Amino acid sequence: MTPRCLLPLLVLSLVSCTTVQNTGNNAFRYGRKFVTSDIPRASRFMWGHVSGFFRGGANDGSFWYADDMSGRPSVVINLGEQMVYLFKGGELAGGSPISSGTEGYDTKPGSYRILDKDIDHKSSIYGDYEDFEGNVIMQNIDNRKDPRPPGTRFEGAKMFYFMRVYGGVGMHQGHLPGYAASHGCIRLPGHMAEKFYQQVHVGTPVEIVP
């Protein structure tokens, strides 16, 4: 076989090796199991995984060591970094990107504790007005300000894995556009909201820093 014919085979061989290596690395990276005592509803499961797919899954800047660590949990929310960190026994155990409150709905810095948890929480203020067949008539409304059209009902925004920090503000699964965009809550990607939800409990310290 001439050297000219060997060149395409050599390139194909290198690409194949790279593909196998990358596949192996990805299998190792995503192979860790996260066992939960809850069986999430189908809608929560699908939303978290579909939205995670379009964000690139675990390639969103999050990291997680908590499953192999012990110690009391605590949470630090860094608004400047738009990140939330989990500590166990004072050691860094995980981190996730967030979207906190936008201007006018700023997330308040301070020292707090987890007040309650609700895996299938819905907002009592923000959401949509729907007709009684479930069709959205008005979207992203504030029911304190936006009059409800006749023949509609209020459907609160879904906030799965809700961990209340103060007032109506908490950490929960939600959309992350890459900047602060919420009404004060701390949104996490679905896969990370679930992990934080399983690790924290009522009374867990939460520090929100600028």
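The values are calculated or read from the model by the stated rules, or taken from the named source; none is laboratory data. Quick caveat, the model's predicted, so the values are computed rather than measured. A quick note on method: Cβ atoms are made from the backbone with ideal geometry, for glycine too, and the neighbour counts reach across all protein chains shown. Each accessible area value is taken on the protein alone, full model and side chains, heavy atoms only, with ligands, DNA and RNA left out. Shrake-Rupley method; radii C 1.70, N 1.55, O 1.52, S 1.80 Å.
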Net charge of Cβ neighbours under 10 Å - reference V75; Lys, Arg +1; Asp, Glu -1:
0
Shape call for the stretch 162-210, from the Cα gyration tensor axes a ≥ b ≥ c (a/c under 1.5 means rounded, otherwise prolate when a/b beats b/c, else oblate), comes out oblate
Mind checking the stretch 75-134 for GluC sites (Glu not before Pro) that DSSP puts in a loop (not H, G, I, E or B) and that have at most 16 other Cβ atoms within 10 Å?
E81, E103, E133
Share of Cα-Cα pairs in the stretch 115-210 lying beyond 15 Å, as whole percent:
63 percent
If the reach is capped at under 19 angstrom between alpha carbons, list the aspartates and glutamates near K117, excluding any in the same chain fewer than eight residues apart.
D38, E194, E207
Anchor K145: lysines whose Cα lies under 26 Å away (excluding residues fewer than 8 positions away in-chain):
K108, K122, K158
Rounded to a whole %, the carbon-and-sulfur portion of the accessible area of the stretch 58-210 at a 1.4 Å probe is 50 percent
If you roll a 1.4 Å probe over the heavy atoms of the protein chains, what accessible area per residue do you get for the stretch 133-210, in Å²?
47 Å²
How far apart, in nm, are two points set 7 Å out from the Cα along the Cα-to-Cβ line at R148 and at D116?
2.1 nm
Run the paramagnetic zone check for H201: 7 angstrom along Cα to Cβ, then residues of the stretch 91-126 with backbone nitrogen under 17 Å.
113-119
By the scheme Lys and Arg +1, Asp and Glu -1, what is the net charge of all other residues having a beta-carbon under 15 Å from that of E155?
-3
